[in-house]
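Read the structure below first, then the notes.
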Amino acid sequence: MSLVAAPMAIVDVANAQLQQAAAAAAKKDEDGHEQQESSYDYGALMKGVRHLSDSGITRLPDRYVLPASDRPGVLAVSSSVAGSGRVKLPVVNLAGLRDPCQRAAVLATLDAACREYGFFQVVNHGFGSDVSGGMLDVAQRFFELPLAERARHMSADVRAPVRYGTSFNQAKDDVLCWRDFLKLVCQPLQAVLPYWPQQPADLRDVATRYATASHRLFMEVMEAALEALGIPTAGGVLGELAASSSHMMTVNCYPACPQPELTLGMPSHSDYGLFTFVLQDHVEGLQVMHDGRWLTIDPIPGSFVVNVGDHLEIYSNGRYKSALHRVHVNSTRPRISVASFHSLPAERVIGPAPELVDDEAGNPRRYMDTDFATFLAYLASADGKNKTFLQSRKLPAAAPPCL
Ligand SMILES: O=C(O)CCC(=O)C(=O)O
Ligand SMILES: [Fe+2]
């Protein structure tokens, strides 16, 4: 999921429909006569998948059915590879990173993981289980609130500090995804906090502690990545990030789905920022594209799954990979995840680090500079899925040869 939602013009349309759906839901909730729709018009579907799942449907509404080639049962994306598998991602031990005797080895693991998979797991990160467990717990309770309470946070403003919604990009998705979400802007925290949901009553407190710890973890991992890339960490981009950064948290809810083989919780996408940290409950679902195959990630309980975003692929001049990933769902177990997206401030133009560009050494600049406005314009003009934004920033010399 990208760091931001779709541009205003598109979102306005969807939100008008969302708000109609919410109003209808609110009325039914008040009357206490909530009933399953006999037919699923678009407005009804905008009430989200938690609502659909709770209504006890046994058949997936047509709007969620993916074309056969995109269904999760079809695991090979190229005819030269077949089958699917599981992956235990490389493990980056934060305690080792803090130990001068082990730091070099941990940096090597992180560097190899970012090049090979664009994904790794972080363990011994120092988050108390009360902070991460508390975040998952409050996230779950948020999605158990009546729809009318959740729907208060639907917004047409893409810069709103809080937005509740459904699918991937509900304004554009021809096929809807089996996901509801709550997006919280986390920076600058004191300014955005008064807009965050007041229900559940402890959400602000728990999410503040989680967001603060997530930003600290991001800074530590970012410093390690810069060191591994051979970029000075004193001042520079790390200093910029310490002064100002962008940070958004998306709480994802994937309810049990009647026909999970026909749909996805989130379609194939790459993330927009520098690093994303994913906290998840005990239900698997995240898959990464590796060598043309979808691999299901086997997370270590209590770890964070971390992935490189488009900004870091660009900043590292292609050394680190912003990998495609997606989420599959299942018929019995609902899943909750919390994705924290960290990057430079939205107004910052990002290009390859000068230290990593050297024509004479065979390292030409591989990406154009990019900024947030360009990303929004891209979203407005094309389908933002399948990594096409990043492709659009590649310089021709770096394009793969035509066969
Ligand atoms: O739910 C997950 O495991 C991943 C979510 C994700 O990829 C995203 O929010 O961008
Ligand atoms: Fe993602």
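Structure values in brief
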item	result
Residue count for the range 277-320, restricted to those that are assigned to a strand (DSSP E or B) and under 27 Å from Tyr378 (Cβ atoms)	12
Matching residues in the range 321-345 - criterion: being touching a Lys or Arg at 6+ places or on another chain (Cβ under 9 Å) and either charged (D, E, K, R) or away from ligand 1 (no atom under 16 Å from the Cβ) (or both)	Lys321
Counted residues, the range 332-365 - those being crowded, with 21+ Cβ neighbours inside 10 Å and more than 16 Å from ligand 2 (Cβ to nearest atom)	2
Matching residues, the range 260-281, being within 15 Å of ligand 2 (Cβ to nearest atom) and of a type in the set (A, V, I, L, M)	Leu264, Met266, Leu274, Val278, Leu279
Filtered residues of the range 247-264 (kept if out of contact with any Lys or Arg (no Cβ under 9 Å at 6 or more places or on another chain), open to solvent by 10 Å² or more (accessible area, probe 1.4 Å) and in a loop (DSSP other than H, G, I, E, B))	none
Residue within the range 126-149 that is buried (at least 20 other Cβ atoms within 10 Å of the Cβ) and part of a loop (DSSP other than H, G, I, E, B) present	yes
Top-ranked residue of the range 157-186 - restricted to ones that are among the acidic types (Asp, Glu) and over 15 Å from the mean Cα position of the chain (by Cα), ranked as nearest to Met266 (Cα to Cα)	Asp173
Glu261 of a type in the set (Asp, Glu), within 12 Å of ligand 1 (Cβ to nearest atom) and over 30 Å from Lys394 (Cα atoms)	no
Single condition Pro267 does not satisfy, out of (1) within 16 Å of ligand 1 (Cβ to nearest atom); (2) closer than 15 Å to Ser340 by Cα; (3) open to solvent by 10 Å² or more (accessible area, probe 1.4 Å)	(2)
Only listed residue being open to solvent by 10 Å² or more (accessible area, probe 1.4 Å), in contact with a Ser or Thr (Cβ under 8 Å, 6 or more places away or on another chain) and in contact (Cβ under 8 Å) with a residue 12 or more places away in the chain, chosen from Val192, Val158, Val175	Val175
Tally, over the range 206-253, of residues that are within 16 Å of ligand 1 (Cβ to nearest atom) and among the hydrophobic types (A, V, I, L, M, F, W, C)	7
Unique residue being away from ligand 2 (no atom under 12 Å from the Cβ), of a type in the set (Asp, Glu), open to solvent by 40 Å² or more (accessible area, probe 1.4 Å) and modelled with pLDDT of 95 or more when the list is Glu284, Glu223	Glu223
Candidates Val329, Val306, filtered to the one that is within 14 Å of ligand 2 (Cβ to nearest atom) and either in contact (Cβ under 8 Å) with a residue 60 or more places away in the chain or among the hydroxyl-bearing types (Ser, Thr, Tyr) (or both)	Val306
Check on Val206, aliphatic (A, V, I, L, M), open to solvent by 10 Å² or more (accessible area, probe 1.4 Å), over 25 Å from Asp310 (Cβ atoms) and not in a loop (DSSP other than H, G, I, E, B)	yes
Complete set of residues in the range 114-125 that are open to solvent by less than 20 Å² (accessible area, probe 1.4 Å) and either under 17 Å from His311 (Cα atoms) or aromatic (Phe, Trp, Tyr) (or both)	Cys114, Gly118, Phe119, Phe120
Qualifying residue in the range 239-246 (condition: open to solvent by less than 30 Å² (accessible area, probe 1.4 Å), at pLDDT 95 or above and part of a helix (DSSP H, G or I))	yes
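The values are calculated or read from the model by the stated rules, or taken from the named source; none is laboratory data. Just so it is clear, the model here is predicted, and its values are computed rather than measured. Heads up, the Cβs are rebuilt from the backbone with ideal geometry, glycines too, and the neighbour counts pull from every protein chain shown. These area figures cover heavy atoms from the full protein model, side chains too; ligands, DNA and RNA do not enter into them. Shrake-Rupley method; radii C 1.70, N 1.55, O 1.52, S 1.80 Å.
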